[in-house]
Amino acid sequence: MTHPTNTSDPDALGHLSALLHETTDVGRPKATDKRRNKGYRTARENLNDLIDEGSLVEYGQLAVAAQRDRRDADTLRVDTAADGVITGTATINAAVVGEQQAHTAVAIYDYSVLAGTQGFFHHQKLDRILDIAERERLSVVMYTEGGGGRPGDTDVKVNIAGLNVTTFMQWGHLTGKVPRIAVNNGYCFAGNAALFGAADIRITTRTSSIGMAGPAMIEGGGLGQFHPDAIGPAQTLCANGSVDLLAEDEAHATAIAKCVLSYAQGRTGDWRAPEQSVLREILPTNRRLAYDVRKIMTALFDEQSVLELRPIYGRAVVTAFARIEGIPVAVIASDCRYLGGAIDVDAACKAADMMQLAKRWKLPIVSLVDTPGFMVGPDSEAQGAARVMPELFNTAASVDTPWIALFLRRGYGLGAMALVGGSFTFPTIAASWPQGEFGGMGLEGAVRLGYQKELASIADETEREALFNRLVGELYEKGRATEAAAYLEIDMVIDPIDSRKTILRGLREA
């Protein structure tokens, strides 16, 4: 009997081990030290902090830049390890949501490789992992630091401009199919910024600069010379609503990313309800006084579960993730401390974005309403109110997840309707606290408009003010929550202490 000869290379495993080692932080000491000396973490340090230990299945780890015409093999393996992006699948938050819900696709840009630029094989790696994410319905977490397209991949002989890459199309094609979370630290320009900006949730550190072009492209376009720090600094992007969450550093950003992802991953079993009796005393007795709706959110939802998005943009509306008995929800709440809660153009955009996100991630919506309606006037119209505000109704009409409306105080006009899906009949439950008041417009404005002649006929200012106050009081009595419920314009008036129970009832009925 003849035995087959073993023709395998006895050093094959050793060779593989050496190649893989050159892609690690230990195998690239100069790049690692340079990164740490700058006060930043390496791509693999961010990756290891993000995912559950030992869960990574890495794709394309041995890729190098398409620059074999320019560099020798040894240099390519070390200087262009993984072609500047680590891709794979892993579990995240398995201990919180269970392993089945924890499977996630990851793509971590490596700024230590050619400034995190996007090359030929780099794009192929991204396309591969995005395709897997779509087929397997995996959420995607992407770290986007980098300088955009890379012009130096000389091995590519069949491209001219390279504009036929499919990465951006594939990233966009995932919209509404899987959650997409982008994290950035440092410089993020051009193609990297396009991926960051197109994500469902955008997280950035204070040291980030994010722009659709970097300094070289700006100067090349004849627009002047700028330091990278001046192009899309984090504070500017937070103010204009381009960023959802601001982190102190990469460790903080990673912790936030894991928290955000958990809302998309589903229900958790470990939760605690705050003391609900405080809700009875939380509104001021004077209906004209403002209050912080965040205190209501903290008291209403599970302890430590509220995560606010874009806090300094569109401030008349607060948007947040939260949980109630472990169930993740999207929250849209009026903030009467800003513009009295009137919905201006930025707040309308912010609310619409949250509605779209809730639909994409299949999250129920809880609306906490206290608004006099839409912000009106020439300045508001100059900002595009007539286009932006009506679009809220189109957006809300497309939402197919459960929606529970809770009127804390004022529910006036089209603005109140927009915050609850376009009509008080749209939510599964439309409930009000006893302080609720309703009308086609704010009471004071309704009196001034409806009783203009009567008020103008009174010469004495004191008498005129007395009539005005009496008429406002009469409208208030007519528009009380109990009256609105009697006319079936809302479903019920509840004790504030029963708010959690009412929201849960709406979720279960839906």
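The values are calculated or read from the model by the stated rules, or taken from the named source; none is laboratory data. This one's a predicted model, so the numbers in the text were calculated from it and none came from an experiment. For neighbour counting, all protein chains shown are included, and Cβ atoms are generated from backbone atoms with ideal geometry for every residue, glycine included.
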| task | Can you give me the ranges of the helices (runs of 4 or more DSSP H) entirely in the range 434-506 with at least 2 residues that are under 22 Å from Thr371 (Cα atoms)? | result | 443-450, 461-478, 481-486
| task | Could you please let me know if Gly421 is buried (at least 16 other Cβ atoms within 10 Å of the Cβ), on the phi > 0 side of the Ramachandran plot and touching a Pro at 6+ places or on another chain (Cβ under 7 Å)? | result | yes
| said: If I ask for residues that are surrounded by fewer than 17 Cβ atoms within 10 Å (Cβ to Cβ) and assigned to a helix (DSSP H, G or I), which ones from the range 233-245 would you list? | reply: Gln235, Thr236, Ala239
| query | Restricted to the range 135-167, and to residues that are within 19 Å of the chain's Cα centre (by Cα) and hydrophobic (A, V, I, L, M, F, W, C), which residue is surrounded by the most Cβ atoms within 10 Å (Cβ to Cβ)? | reply | Val141
| remark: Going through (1) within 30 Å of Arg68 (Cα to Cα); (2) touching an Asp or Glu at 6+ places or on another chain (Cβ under 6 Å); (3) charged (D, E, K, R) one by one, Arg180 fails only at (1)
| remark: In the range 269-291, residues that are crowded, with 16+ Cβ neighbours inside 10 Å and closer than 14 Å to Val306 by Cα total 2
| task | Please find, among Phe426, Phe374, the residue that is touching a residue at least 24 places away in the same chain (Cβ under 8 Å) and within 23 Å of Asp292 (Cα to Cα). | result | Phe374
| Any hit, the range 210-220, residues being surrounded by fewer than 14 Cβ atoms within 10 Å (Cβ to Cβ), outside the structural domain of Leu339 (by TED's automatic domain parsing), small (Gly, Ala, Ser) and part of a loop (DSSP other than H, G, I, E, B) | no
| said: Residues to consider are Phe321, Phe393; find the one that is surrounded by fewer than 19 Cβ atoms within 10 Å (Cβ to Cβ), among the aromatic types (Phe, Trp, Tyr) and in contact (Cβ under 8 Å) with a residue 24 or more places away in the chain. | reply: Phe393
| said: Can you go through Arg387, Arg410 and tell me which one is of a type in the set (Lys, Arg) and crowded, with 24+ Cβ neighbours inside 10 Å? | reply: Arg410
| task | Take the range 361-384 and flag every residue that is in a helix (DSSP H, G or I) and either of a type in the set (S, T, N, Q) or surrounded by fewer than 18 Cβ atoms within 10 Å (Cβ to Cβ) (or both). | result | Pro378, Asp379, Ser380, Glu381, Ala382
| query | Any residue at all in the range 306-313 that is under 29 Å from Gly479 (Cα atoms) and in a loop (DSSP other than H, G, I, E, B)? | reply | no
| query | So is Glu463 within 30 Å of Ala299 (Cα to Cα) and surrounded by fewer than 21 Cβ atoms within 10 Å (Cβ to Cβ) or not? | reply | no
| task | Provide a single number: the residues in the range 335-360 that are farther than 12 Å from Leu419 by Cβ and assigned to a strand (DSSP E or B). | result | 0
| request: Select from the range 246-303 the residues that are of a type in the set (Ser, Thr, Tyr) and assigned to a loop (DSSP other than H, G, I, E, B) and write down the one among them that is nearest to the chain's Cα centre (by Cα). | output: Thr268
| note | Exactly one of Val376, Val369, Val345 is β-branched (Val, Ile, Thr) and within 22 Å of Ile282 (Cβ to Cβ), and that residue is Val369
